[in-house]
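> Okay, handing you the structure first.
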Amino acid sequence: MAEQQGGAGGTLSSKTLTSYLQETPPAGRISTTNRFAFLDEATKMEIRRKTLKAVAIPGYQVPFGSRELPIARGWGTGGIQLTLALIGPEDIVKVIDQGCDDSVNAVNIRKFIQQVCGVEVTEKTAEATLIQTRHRVPEEPMGKDQILVLQVPIPEPLRDVEPSEQETRRMHGEADYSSIWLRLYEDIVAYNEITIGARYPVLVNRRHIMDPSPIPRWDVPLLHQSETLYLFGAGREKRIYAIPPHTEVHPLEFADHRFRVERFNQGCMLCGATDTYLDEIVEGSTAQRFYTCSDTAHCRARQEQQNKVVAP
Ligand SMILES: [Zn+2]
């Protein structure tokens, strides 16, 4: 029998996933262990069709029939469904969570994908054909043969200014974005700058305002005229949207209050990088602050390169 999902903290349990997958299916039904990529073919077809529509209308949120997975909604099910609908046996998959390959969720989602697809996995950005991520875009530039799938908690960029779904659909339809511009203006009046950190709204293809998911502002310029296809999946909110390669993506800004990325006054304490997005670590006993690269694979590669140079 499948064990109950969840528990304190809500982290994914690989034991739960394993027991679910090993469950004996009722007579006449295909075993999930024999089905490639967990989802049934009709579901994959629907997700692929909706993805194509999303690619055809950059930044537009396409509703889809988000399916149940052996993972609670809110833990990356939108991203996982996109990944499972697109993946093929030859794909090489990388999964990151806040830039890290080793966090609990990244490890368990990677294990799940590996278990239901039998594909190769990697931590190297350049090797991966399909990268699923939460809250970060890899530091290493990605190419045209790669796809980045982002997990999205809140797909609606206008949600903070308009609670009604019906109204936000109308606003997108009519390109009536005055209320979000007003929100940015009020920020400037109150704080003399735009205070939005993650989820910074962007204008895609000069038409739709889009939520780039909670990536830091540091990553927003990477979306503009990228070589790579970016796909966004919101499982709980049942939305798919996309930024195809070579699309114009501009953060909202005023002529006298320009968009700017985060600034760090020091480099990574591990690899010395001053051109990467850094995480702050506060040392418990001394309250001293350190910074390390958020993209752990990129940081490790830099350290290995430095050790090679130092070694005789
Ligand atoms: Zn580093």
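> Working carefully through the options 106, 128, find the one that is farther than 16 Å from residue 76 by Cβ, surrounded by 20 or more Cβ atoms within 10 Å (Cβ to Cβ), touching a Lys or Arg at 6+ places or on another chain (Cβ under 9 Å) and among the hydrophobic types (A, V, I, L, M, F, W, C). Explain how you work it out, then say what you get.
Working: 106 fails: farther than 16 Å from residue 76 by Cβ.
Unique residue meeting the criteria: 128.
> Another question about this same structure. Count, please, the residues in region 194-243 that happen to be without any contact (Cβ under 8 Å) to a residue 12 or more places away in the chain and surrounded by 23 or more Cβ atoms within 10 Å (Cβ to Cβ).
0
> Could you tell me whether any residue of region 287-298 is among the basic types (Lys, Arg) and within 24 Å of the chain's Cα centre (by Cα)?
Going residue by residue through region 287-298, those that are among the basic types (Lys, Arg) are 289.
Checking which are within 24 Å of the chain's Cα centre (by Cα) leaves us with none.
Checked against the condition, which is being among the basic types (Lys, Arg) and within 24 Å of the chain's Cα centre (by Cα), region 287-298 yields no hits at all.
> Only strands (runs of 3 or more DSSP E) wholly contained in region 234-283 count here; list those with 3 or more residues that are farther than 21 Å from residue 305 by Cα, of a type outside the set (S, T, N, Q) and within 16 Å of the ligand (Cβ to nearest atom). I'd like the intermediate steps shown before the answer.
Details: elements: 239-243, 249-251, 278-282.
In region 234-283, 278-282 are the strands (runs of 3 or more DSSP E) which contain 3 or more residues that are farther than 21 Å from residue 305 by Cα, of a type outside the set (S, T, N, Q) and within 16 Å of the ligand (Cβ to nearest atom).
> Something else now. Anything in region 131-182 that is of a type in the set (Lys, Arg), crowded, with 18+ Cβ neighbours inside 10 Å and farther than 16 Å from residue 83 by Cα? List them, or say none.
Start the filter on region 131-182 by keeping residues that are of a type in the set (Lys, Arg), which leaves 134, 136, 144, 159, 169-170.
Among the residues that remain, those that are also crowded, with 18+ Cβ neighbours inside 10 Å are: 134, 136.
If the condition is that a residue be of a type in the set (Lys, Arg), crowded, with 18+ Cβ neighbours inside 10 Å and farther than 16 Å from residue 83 by Cα, then 136 is the only one that fits.
> Any residue that is assigned by TED's automatic domain parsing to the domain that holds residue 75 and within 16 Å of the ligand (Cβ to nearest atom) - is there at least one of those in region 291-301?
Of all residues in region 291-301, those assigned by TED's automatic domain parsing to the domain that holds residue 75 come to none.
No: region 291-301 contains no residue that is assigned by TED's automatic domain parsing to the domain that holds residue 75 and within 16 Å of the ligand (Cβ to nearest atom).
The values are calculated or read from the model by the stated rules, or taken from the named source; none is laboratory data. Being a predicted model, the structure only gives us computed values, none of them experimental. Reconstructed Cβ throughout: ideal geometry from the backbone, glycine too, with neighbour counts over all protein chains shown.
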